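Data block below; observations after.
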Amino acid sequence: MVTIVLGSQWGDEGKGKITDLLSQKATLCCRTAGGHNAGHTIVHDNVTYDFHILPSGLVSPTCINLIGAGTVVHVPSFFKELAALEEKGLTTASKRIFISDRAHVCFDLHSVVDGLEEARLGGRKVGTTGKGIGPCYSDKAARRGVRMGEMLDEEVFERKLRSLDAGYRARFGELDYDVQEEIDRFKTYREKLRPFIVDQLSFLQKYKDCPDTLVEGANALMLDLDHGTYPYVTSSSTGLGGAVQGLSINPTRITSIIGVVKAYTTRVGSGPFPSEQLNEIGDKLQSVGKEFGVTTGRRRRCGWFDLVLARYSHAINHYTALNLTKLDVLDDFDEIKVAVAYILPDGTRHEYSYPGDANVLEKVQVEYVTLPGWKSNTMGVTRWEDLPANARAYVEFIERELGGVPVKWIGTGPAREHMIIRE
């Protein structure tokens, strides 16, 4: 059986808690796309762990973890993150993590180029994390990237990295980057990495009959290269299709597709955000929700829950259940609005379709419904019946408007136990 956990908005929905919960029963946990630009925070047994490139299934002492072929791996970050986990008590983590030989190497060179490309865009910059993810995926698509398996061959590795360096210098001129330094660093990394790198298909064949495989998405659907708010997106396939492609999953074995949605909406970086609240409401959501990026520390933009976005996300990812997170952040609002439709510049009203043109999306008028707040503390509530009536009504409204997709898990605080599980 395969369970897939996907972000359904613009990322930062709080996927870490549900993956932590599900990984306790999983034999295998896999990352399928993205790189160290992603981030999950997990509070487990009163210890806080920050995950970026590593799968959060490492928190479970029995779970085997794989960084799949669709990812890009910044090797120094991989080792730094692994060491941090082991220092916090996950002493067997290095024995339970593997990397597909088909994943691509994300170099420091890519980070330098990322900054230069953003600078050239000026006021239309994407708002990347600056981690080099986009340039690395660009090299992959242009068939000039370096795979993790190729990195083990010193001669091939050096030739391809020098070629990348020369290409970028031809484009940008002088770079604040020393290719020889990076080549020398990998002389040390190469042997350290060798035990971690596996042939993905052979590796997965060993686990093809395991009862529980957990696939952990990174970023979210609205940052998907094909289906997100292009060009203000990441450079990988962050939805269901990317999960299947990145791991060669047998679709008939997928038993659950869990969409993680925040009880409101946030976004980091540039790009259209129809339900964003550039007022005291947005400031309050940001402050109460402690909305800062795990990877970059950037302040997140905040707004009301957007049903048009959520319906679009569901139509692409086909969620079988939802995990609604951070419900407690809405505890002190007199009333809560939900975006239910967009009015496009030509006057047409859309409830389900999401404009593919970012320029159009920036100009839509949002139609809201207003629901009553509950004005009481839900932090740490673990039973559905203990939620205030208006809080239950809010959750049921979202379920109903999304065609009956059940909200099975409800987050009511940062700790792992701050979760309502509805049977």
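Readers should treat all values here as calculations from the given coordinates under stated rules, not as data from a laboratory. In this text the structure is predicted, and so the values were computed from the model without any measurement. Quick reminder, even Gly has a Cβ in these numbers, built from the backbone with ideal geometry, and neighbours come from all protein chains shown.
Tabulated results
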read-out	value
Extended-chain gain in nm, criterion 0.36 nm per residue less alpha-carbon gap, Asn250 and Thr92	53.9 nm
Cα convex hull of segment 270-423, projected area averaged across orientations, nm²	9.7
Those trypsin sites (Lys or Arg not before Pro) in segment 333-407 that DSSP places in a loop and that have at most 16 other beta carbons within 10 Å	Lys363, Lys375, Arg383
Projected area, mean over directions - the chain, Cα convex hull, nm²	20.2
Stokes-Einstein D for segment 104-194, Kirkwood Rh over Cα pairs, 25 °C, 0.890 mPa s (µm²/s)	180
Cβ-Cβ FRET estimate between Leu344 and Lys375, R0 fixed at 41 Å, reported to 0.05	0.70
Spacing of the two label points (7 Å from each Cα toward its C-beta) at His318 and Gln24, in nm	3.0
Distance (nanometres) between label positions extended 7 Å along Cα→Cβ at Arg194 and Thr41	4.0
Net length gained if the chain between Thr382 and Lys290 were fully extended (0.36 nm per residue, minus Cα distance)	31.0 nm
Mean ellipticity per residue at 222 nm, deg cm²/dmol - from DSSP H runs of n ≥ 4 across the chain, formula -39500 (n - 2.57)	-9500 deg cm²/dmol
Ranking of Asp50, Asp45 by count of other Cβ atoms within 10 Å, fewest first	Asp45, Asp50
Nearest-0.05 FRET efficiency for Arg143 and Glu423, computed from C-beta distance (R0 56 Å)	0.70
Segment 170-219: GluC sites (Glu not before Pro) in DSSP coil with no more than 12 other Cβ atoms inside 10 Å	Glu174
Residues with amide H under 5 Å from that of Phe292, placed H, sequence gap 5 or more	Arg300
Solitary cysteines of the chain, where the nearest other Cys Cβ is not under 4.7 Å	Cys29, Cys30, Cys63, Cys210, Cys302
